[in-house]
Structures are given as structure tokens and as C-alpha cells.
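Heads up: the structure comes next, in C-alpha cells.
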Amino acid sequence: MKPIYEPKPGKKMRIVVLFSGGASAVPFIMRGEGYEVVGGISSSKNAPGISKLENLGIPVEVVDIHDFYGRCPITDMKVRESYDRKLIATIEKRGWNPDIIACSGYMYILTPVFLNRFPNRVLNVHPADLSIEENGHRKYTGTNAVKAQLEAGERVTRSTVHIMVEEADQGPILVVSGGLPVEGRNAEEQQALMKEKCDGPAYREALRLLSEGRFAIDSERNVYIRKDGKWEKRFIRLPEEMV
């Protein structure tokens, strides 16, 4: 077991954001004291998050994935490996030297080429409580997770910040947000509000705890939180009042 990030005296934890659209979590994660967002990469030249980050004073690079793929199918993972090498090269060229990669609405699977370059340090936020299981599997995964929760009759929805692994939505859980009541909203309306009420607070808390060196992970990908000087094998669940 070892801390995911170990604080460095006089230095803040450095974060690079990957995004494909609006990068909705970024304004929330800007509020921390122990970390800083040093750069962002957009997978789309048309992403509204580009101007959002630039207005926040964050330098942005664009590596348009569709331009990169050309006529190749976007599902070709060999091309994806090359694309991921381009992401790494962009980060290195800018000298951002990130401690953490934070995905905010990044819509593409990252290959081991990228994940192994930043082991256990690539985070994502998912619009569901990934600790909920059914028949031994995580129940609400995939791009239609909010719709699935509403159809299942869930009265609240939560967001999960987790460490990314090759299998989508299967990584170790760090923080689960408080619950946002559904209150008659459809899936699109619910997910839009979750970005503010669930995604942002959960991401901010995960990064705060990481920047303090309070998360650790072992060789079997079990997550630990340090409390009162002792390590406990568990993730963080935010109280409902934080929604």
C-alpha cells in the first residue's frame, strides 16, 4: 500500500484536465488550496470547455481525435494507442508535469499506454453510485447510467469519482457524492443538475484529500483513507447536506 500522491513541501499538487465538451467540473475543482490546474487538453476543437478554461487562465491544447483518426473507425484501439501517445507528448512538451490527470466529460476510453504513464493517477467522475451492485457487478455503468437509474425507480442519483482503469467505470472508488433527489426530472435534466450538485463537490473533495496525501491504494487496487493517523480500507461517501 502506498499513497496515491505524497505532498511536497511548498508545492501544490499539479492537475491536467482532459475533456471533450464543457469541462463542467473544472470551475468547481479550481477552488482547492492544495492543488492547481496547470493545463487542459480537449479532444475536440469545438468543445465549449476550451474557452471556459482559457477564461479561467488555464492553458489549453487541442488534440482533435476525429482529425487524428481521419478515415479510420473511432473504435480502432490501435489508433487510440497512437492518439494516447500524442496526449502524453503534448503534456510533456508543455512541461506540465502533472501529479493527477482529471477527466471532466472526456468521452473516450484511455488505453494502457496512457494509464500506465500515470499509474493510479487518472481520475474520472461518473453520474451514478458505482458502489451499487447487482449480481456481483456494478449496476449503473455506461453512458446511459442516469436514464437507467430513473427507469429503475431510484429516488436520488449520486456521482462517483474513481481511478480510471482499462475497463470503463470499473476503477477503484475514491468519493461518492451526496444524493440529488430526482423530483420529476427526466434523465437529461437530472444529469445536467448533477454536474453542479454531485460531480463538482465529489471531485473537489477527492482532490482535496489527494492533495493532503490521505488516499492510498494497494496492489489489489483497494483504496484506503487516512484518518487520525491510521489507514482504513474504504472510500468516502459525502453527507447529503453537501448536495
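Where a number appears in this text, it was derived from the coordinates with a stated rule and is not lab data. The structure presented is a predicted model; accordingly, all values stated were derived computationally and were not measured. Backbone-built Cβ (ideal geometry, glycine too); neighbour counts: all protein chains shown.
Return the single residue from PRO48, PRO73, PRO59 with maximal mean-square fluctuation; model: Gaussian network over the chain, springs between Cα atoms under 10 Å. Sorting by GNM fluctuation, first place goes to PRO73.
Calculate, for SER131 and LYS93, the FRET efficiency according to 1/(1 + (r/R0)^6) with r their C-beta to C-beta distance and R0 22 Å; round to the nearest 0.05. Before the final figure, lay out each step's value.
Numbers: r = 38 Å, r/R0 = 1.74.
E between SER131 and LYS93, to the nearest 0.05, is 0.05.
Straight-line reach from LYS78: taking Cα to Cα under 19 Å and skipping same-chain neighbours fewer than 8 places apart, the lysines in range are LYS86.
Beyond 19 Å between alpha-carbons counts as too far, so tell me which of LYS197/LYS227; LYS2/LYS233; LYS195/LYS233 fall in that bin. Before the final figure, lay out each step's value.
Values: LYS197/LYS227 26 Å; LYS2/LYS233 12 Å; LYS195/LYS233 28 Å.
Check vs 19 Å cut-off fails for LYS197/LYS227; LYS195/LYS233.
Charged side chains reduced to their Cβ positions (Lys and Arg at +1, Asp and Glu at -1) give the chain a dipole of some 680 debye around its Cα centre.
Using C-alpha pairs below 8 Å separated by at least 6 residues, the relative contact order for the range 88-179 is 26 percent. This structure gives mean projected area of the Cα convex hull in nm², computed directly, and of [x] 11.9; [y] 11.3; [z] 13.8 that value is listed as [z].
Computed extension length for THR143-ASN55: 28.8 nm, one decimal, from 0.36 nm per residue of separation with the Cα-Cα distance subtracted.
Cross-link reach is defined here as a Cα-Cα straight distance under 18 Å, omitting same-chain residues fewer than 8 places apart; for LYS12 the aspartates and glutamates meeting it are GLU33, GLU36, ASP99, GLU205, GLU212.
Between GLY184, GLY22, GLY39, the Gaussian network model of the chain with springs among Cα atoms under 10 angstrom shows the greatest mean-square fluctuation at GLY184. Here is how the number arises for the chain: DSSP H runs of 4 or more residues each give -39500 (n - 2.57), the sum is divided by the residue count, and the result at 222 nm is -7000 deg cm²/dmol. Taking the fewest neighbouring Cβ atoms within 10 Å as the starting point, the ordered list for ARG234, ARG80 is ARG234, ARG80. Ranking PHE118, ALA206, VAL146 by Cα position along the charge dipole of the range 2-242, where only Lys, Arg, Asp and Glu carry charges on their C-beta atoms, puts PHE118 farthest toward the positive end. Straight-line reach from LYS139: taking Cα to Cα under 20 Å and skipping same-chain neighbours fewer than 8 places apart, the aspartates and glutamates in range are ASP129, GLU151, GLU154, GLU166, GLU167, ASP169, GLU188, ASP199. Distance between the modelled labels on MET77 and TRP231, one decimal in nanometres: 3.0 nm (7 Å Cα→Cβ projection). Quick query: amide H of VAL122 versus all other amide H atoms, modeled in the peptide plane; which residues come in under 5 Å with a sequence gap of 5 or more or a different chain? Amide H neighbours of VAL122, under 5 Å, 5+ apart: ILE101, MET164. Modelled spin labels at GLU166 and LYS86, positioned 7 Å past Cα toward Cβ, are 2.3 nm from each other.
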